[in-house]
Amino acid sequence: MRPSFADPFDARLLEGVRRLRAGEPGAADALDALLRPRLTGYFARGPWPRDEAQDLVQKALVLVFTSVGQLRDEASFIPWLFAIARNVRSTAMRSWSTRGRWEAGGLELAGDPPAPDERIRREDAQEEARRIAALRAALGQLPSRQRQCLLLRVRDELSYEEIAGVFQLSVHTVRNHIAQAKESLRRRFGEVFGETIE
Amino acid sequence: MNVRDDDSLRRAAAQLPAAGPCPGETSLLAFYRGELDEDQADALREHLATCPACLELARDAREFLVALRGAEPAPAVPPGRVAATPRSRRTALWVAAAAVTALAALGLYAVRTERPTRRPAEVVWRGDDGTAAYDAAMEHFRAGRFEAAEAALETYVLAHPADDRARLDLAVTRMRVGRTADARRELAQLAERGDDAVRAEARRWLAELDRGGAP
């Protein structure tokens, strides 16, 4: 197993956090310089403009510097920093979403109820339930890696590349697993419902 | 039906129960930092496939780590010097560079007794897609700065985890700096999952490791 803080950046981060916790002069500035560009990269991914992203970075850094005393040890800094950054970003996302809806004409206008699914209304409910149960059983019997990749493709609509990134697999492997899963479903499901699967 | 557009399949997928307990942020970060063993990683993948909330957290954790590693403002190569090199040529150059240093390194490796505890704080990241980090890694490797090459390649691989060719390069570089256990683990994975060329090369390097050699 690879040890934590094994790479150069982690080693510098560890040292910076240690110096900050020890109250060494200049430690806060050094850690700020190390973290600010990286957090900017994290907060840049959002619906907000660049200056708002900088405000979020500042907010996260203030939290880091004011609560670093609560950190158990230096080695847990990265999970701790992630929790702070994620919390700041989630709060901002919720706030931004609400603001956007008000600006669009009010919450009540933005929250139209979803249109009823015409197809399901037409279909017999029992037939649909039987169909879903058969599919659920078929999914449950797929080999685990095939099922994992297929679920992210179908349920979460991730691309092959995204699935490979999330699961730390090659795109080639993901592609193969999904193709095999489809083939299994095609055979099994076709026997039950006489349908083809693409 | 089309598996991607079929509502019934989507509903069936959504009804599958979550496998195991939610892993939490620390485990997810450890997964993307390569700190979990294969059994732990498999259990985590199974959970992610059945828990949309943890999948969302996992994607965020990965983004966070990429951002954390990706903003290093220390270009070791002047901008534009290697950025235009086509990938296929880069790979060919990399292989050539590895071959040229192989014989000399074999001798050095035999007398190496200590594993380095720290590597230079030099990670390169200029382009949005990380291509510059890959190019810089090759420059470092060809110049004999193997530890810097490893650091730059780690940056690239973090942003491109599915690039098996780069993972192979990283494993070979790790052999070169004495991180043979890490190299062996990565090569063993590539020997099973890479494309034909990567698989063959990974097996060749594994055999080399078994013989006690290094690139």
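Numbers below:
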| quantity | calculated |
| --- | --- |
| Residue in region A:62-74 that is in a helix (DSSP H, G or I) and closer than 21 Å to B:Arg62 by Cα present | yes |
| Count of residues meeting criterion [modelled with pLDDT of 90 or more and basic (Lys, Arg)] in region A:117-147 | 2 |
| Given (1) crowded, with 20+ Cβ neighbours inside 10 Å; (2) at pLDDT below 85; (3) under 30 Å from A:Ala134 (Cβ atoms), number of the condition B:Asp5 does not satisfy | (1) |
| Odd one out for A:Pro8 among (1) more than 21 Å from the chain's Cα centre (by Cα); (2) more than 13 Å from chain B (Cβ to nearest Cβ); (3) at pLDDT below 90 | (2) |
| So A:Gly105, is it within 19 Å of B:Glu25 (Cβ to Cβ) and modelled with pLDDT under 90 | no |
| Residue count for region A:172-198, restricted to those that are of a type in the set (Lys, Arg) and at pLDDT below 85 | 3 |
| Qualifying residue in region A:18-40 (condition: at pLDDT 85 or above, in contact with a Phe, Trp or Tyr (Cβ under 7 Å, 6 or more places away or on another chain), farther than 26 Å from B:Phe146 by Cα and surrounded by 18 or more Cβ atoms within 10 Å (Cβ to Cβ)) | no |
| Residues of region B:52-63 classified as at the interface with another protein chain (Cβ under 9 Å from one of its Cβ atoms) and either buried (at least 17 other Cβ atoms within 10 Å of the Cβ) or not in a helix (DSSP H, G or I) (or both), total | 8 |
| Any chance B:Glu72 is at pLDDT below 55, within 21 Å of the chain's Cα centre (by Cα) and at the interface with chain A (Cβ under 9 Å from one of its Cβ atoms) | yes |
| Residue match in region B:35-42 (condition: in a helix (DSSP H, G or I), more than 21 Å from the chain's Cα centre (by Cα) and among the acidic types (Asp, Glu)) | no |
| Count of residues meeting criterion [within 12 Å of chain A (Cβ to nearest Cβ) and either of a type in the set (S, T, N, Q) or closer than 18 Å to B:Ala67 by Cα (or both)] in region B:156-170 | 6 |
| Candidates A:Leu150, A:Leu158, A:Leu169 - the one that is modelled with pLDDT under 85 and closer than 29 Å to B:Ala166 by Cβ | A:Leu169 |
| Unique match (being among the aliphatic types (A, V, I, L, M), modelled with pLDDT under 90 and in a helix (DSSP H, G or I)) among B:Ala49, B:Ala13 | B:Ala13 |
| Yes/no for A:Glu15 being more than 23 Å from B:Leu29 (Cα to Cα), modelled with pLDDT under 90 and not in a loop (DSSP other than H, G, I, E, B) | no |
| One residue from A:Thr66, A:Thr91 being at pLDDT 85 or above, loosely packed, with under 11 Cβ neighbours inside 10 Å and β-branched (Val, Ile, Thr) | A:Thr66 |
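Conditions (1) closer than 20 Å to B:Leu65 by Cβ; (2) in the same structural domain as B:Glu38 (by TED's automatic domain parsing); (3) modelled with pLDDT of 75 or more; (4) of a type in the set (Ser, Thr, Tyr), marked per residue:
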| residue | (1), (2), (3), (4) |
| --- | --- |
| B:Ala137 | yes, no, yes, no |
| B:Ala143 | no, no, no, no |
| B:Glu154 | yes, no, yes, no |
| B:Val172 | no, no, yes, no |
| B:Glu186 | yes, no, yes, no |
| B:Gly194 | no, no, no, no |
| B:Leu206 | no, no, yes, no |
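The values are calculated or read from the model by the stated rules, or taken from the named source; none is laboratory data. Since we're looking at a predicted model, the values are computed, not measured. Every residue, glycine as well, gets a Cβ built from its backbone with ideal geometry; the counts of neighbours run over all protein chains shown.
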